[in-house]
1. Rounded to the nearest Å, what's the spacing between the alpha carbon centres of the stretch A:107-141 and the stretch B:49-84? Just the number, please.
2. Excluding residues on the same chain fewer than 8 positions from A:Lys34, give the lysines whose Cα lies under 21 Å from its Cα.
3. Can you give the alpha-carbon Rg of the stretch B:257-310 over 2.2 N^0.38 Å, where N counts its residues?
4. I need the shape label for the stretch A:49-104. Rule: rounded when a/c is under 1.5, else prolate if a/b > b/c, else oblate, with a, b, c from the alpha carbon gyration tensor.
5. Based on the mean of other beta carbon atoms within 10 Å per residue, what is the order of A:7-18, A:125-136, most packed first?
6. Summing +1 for each Lys or Arg and -1 for each Asp or Glu, what net charge is found among the other residues whose Cβ lies under 13 Å from the Cβ of B:Asp170?
7. Have a look at A:Phe222, A:Phe177, A:Phe164 and tell me which one the Gaussian network model of chain A (Cα, springs below 10 Å) gives the largest fluctuation.
8. So how compact is the stretch A:250-306: Cα radius of gyration and Dmax in angstrom?
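Throughout, read-outs are computed from the coordinates displayed, never taken from laboratory work. These numbers were taken from a predicted model, which means no experiment stands behind them. Cβ coordinates were reconstructed from backbone atoms using ideal geometry, including for glycine residues, and neighbour counts include every protein chain displayed.
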Amino acid sequence: MYIPIIRKLINRNNAFLERALPTTGDINVKIGDKVAPFNQLGACTVSYNQIILPKGFKPFNNITPNKILQGTTLGRYRGEYIHAPYNGFLDKDSINNQLIFKELGRENVLLAGAWGTVKNIVENKSILLEIYCKDFLLPITCGDMFAGELVVFPNPSELLIGSFLENFTRDVSGKIFYIGGHVSLSVAMRSKELNLTTLLAGSISKEAFAFAKKSGLNIGVFEGFGEIPTSKIIFDELKNISNRFVFFDVENHTLRVPMPSKLETIPVKKPLKLLKAGDTVQIFQSPYFGGIGTVDTIKESSILVKIPKNSNLVEVAVPNFFVVV
Amino acid sequence: MPIITAYIGVSHFSVLLYKSKNYYAFFYSPYVYLEGVFSNYTNEEEFYISIIELFCKKNGVEFSKCDMYVSGFVSVPEFKASNIKRVEFTKLFDNMPTYYPVIVNDFAFATKFFMISETSFGFMANMSDDVSFRVNKCVYTHLKATDLSSQLSLDREVLLGVVHDKLRWDPNTPVIFMGSRFHGEDDRPLDYIYMCSLISTPGIYDLYLDRANSLLLFNMLNMITEEDKIPLELDSIEHVGTLISGTGVTECLVSSEEDPPNVFEVEKDTLKRMPLKYDTEYRLVIKNKEVGTVEKNIFGGKLGLIVDTRVNKADAFSNIRKFDTYLRFLKD
């Protein structure tokens with residue numbers, strides 16, 4: 001029988017990665033340049049915050065509109081004084097003819113984030129890199145694309161996840177957390193309170209997933225819903241790449257980890273494979289949902305699978321498994 | 001030139017390879033393309049073509065020399081290959097001969113003028129923690145329930161949606177059930193109970209089951225070629241039997257040229273079955289407060305005559321013990 005292939009981890013030697021400036025700026029590299037993760041590709045000035053001032057707002061005449069310090073009184077609206085919440089300047093919205101208070105631009109530096117070669121450049125905007133990488137499959141994702149430093153917890157138990165969250169999340173900005181085998185609702189809620197933006201885990205409860213979607217938490221799950229431990233083949237790789245700058249791609253269901261050098265790849269020509277005894281399969285049937293084992297016997301409408309740490313063979317019905325390559 | 005018609009269901013993929021009225025073959029794959037699982041190394045087109053190529057090879061046909069028409073539930077993927085054309089799902093019911101077609105999968109139900117899906121009755125919101133199979137089925141839609149309670153849990157949601165929306169069934173046209181929910185070759189009594197439960201309008205119904213979606217695939221072929229290519233007898237269509245659906249006590253008289261008349265009464269709020277010979281014609285007379293007094297000629301079918309006097313048909317889908325008694329009625 002022919003069974004579809006699931007590729008939980010793919011080594012790629014010619015993947016593309018787009019690095020873009022948040023607004024137009026200067027690009028410091030040229031096509032053909034070799035770059036490393038901490039090389040600066042470009043820079044721009046960005047205003048991160050702005051306030052649209054209400055119609056009827058009257059600015060004071062004595063303020064300098066192009067440089068206003070934090071705390072300065074901007075003017076009055078309905079008898080109330082409005083103060084500058086940060087250093088900024090006054091601007092006018094040309095469409096609505098409304099005054100806007102914008103934060104002074106801060107310099108934004110674009111780092112490569114990966115080892116690679118510059119393949120293409122969109123002038124003043126973005127750079128396309130060709131890189132070596134490992135792509136981890138995330139069948140369940142929600143949220144937005146995010147890039148940051150990967151922090152890997154060592155598969156703590158449910159009880160210990162709380163303690164790990166409290167002790168290892170002091171500086172959370174720009175980080176992606178692999179928090180263990182399972183995300184429960186309480187873990188998702190605590191993560192949100194601690195301002196974590198992106199969580200990775202082996203599995204997730206449906207309540208936690210619903211909460212994440214509602215609260216804007218980025219989630220990537222390696223296996224499925226329920227309490228399913230992360231596959232050994234995934235965790236063994238993850239623990240070796242802690243603190244690496246990685247890319248969480250929601251739409252493509254991928255965690256992309258740039259690598260410094262060429263990788264050994266396994267070519268897959270067709271998405272289906274003729275199943276043979278000895279093949280590695282992932283089971284999607286209770287009580288071994290998510291488990292990975294080796295095919296022992298192939299029957300007409302089921303297979304017998306040998307699972308590590310289980311002395312008995314497990315019978316799995318077609319189509320509740322995929323071949324792992 | 002051989003023609004291929006294919007239907008991509010929620011959890012299976014069925015294919016018809018047609019060379020002539022005397023040479024055609026069906027195939028179904030219990031796997032479908034899953035965006036979250038396969039998109040990291042392949043795409044929908046490559047996935048389905050790989051399956052069809054294997055099927056064509058087995059039948060000594062070269063895929064590139066075939067014309068292929070694809071439809072699916074509910075959207076149809078875009079294919080770049082020039083020999084593949086798309087057929088919209090809504091067109092599949094056009095000119096369906098003889099039957100009243102019903103497509104059911106684990107998340108949705110559709111007839112010609114009626115469709116409901118999980119979103120219309122809050123699928124995710126209703127789930128409790130013990131049904132992780134159902135949540136995982138949202139991601140791995142091809143999964144097959146291997147225990148009764150998981151399947152009942154899926155069926156119940158769709159059934160409640162159909163009951164809630166008060167679908168009116170037409171007893172005058174034979175009803176044919178198709179779709180991912182019934183695909184495969186399993187002879188499962190729970191499929192028959194589910195079919196009976198979905199029909200809530202009182203009446204006498206002639207029930208058919210098409211596990212290969214053969215009628216859908218042939219109908220697609222007819223639409224394309226504009227000539228009748230459907231063979232008169234399709235072995236893949238199973239005549240299930242006759243269903244009397246109506247609450248309250250039901251009196252029945254069944255007779256044929258070969259057998260003596262058989263009179264029996266079915267009490268209220270139950271499901272009973274009377275086996276009949278598959279191809280034999282019977283005279284049926286029934287009396288029921290909702291259906292009225294009706295005389296009708298029927299053919300036996302696989303199960304014979306089924307009398308369903310249940311008031312709340314969704315009840316048994318949350319009560320395994322009750323469901324089990326119905327299973328026994330149908331097995332006997």
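1. 36
2. Qualifying lysines at Cα under 21 Å: A:Lys119, A:Lys125, A:Lys134, A:Lys262.
3. 1.14
4. Taking the square roots of the gyration eigenvalues as a ≥ b ≥ c, the stretch A:49-104 is oblate.
5. Peptide ranking by packing, descending: A:125-136, A:7-18.
6. Details: positive: B:Lys112, B:Arg168; negative: B:Asp206.
Cβ neighbours under 13 Å give a net charge of +1.
7. Comparing A:Phe222, A:Phe177, A:Phe164 in the GNM, the peak value goes to A:Phe164.
8. Rg, Dmax (Cα atoms, Å): 15.5, 46.
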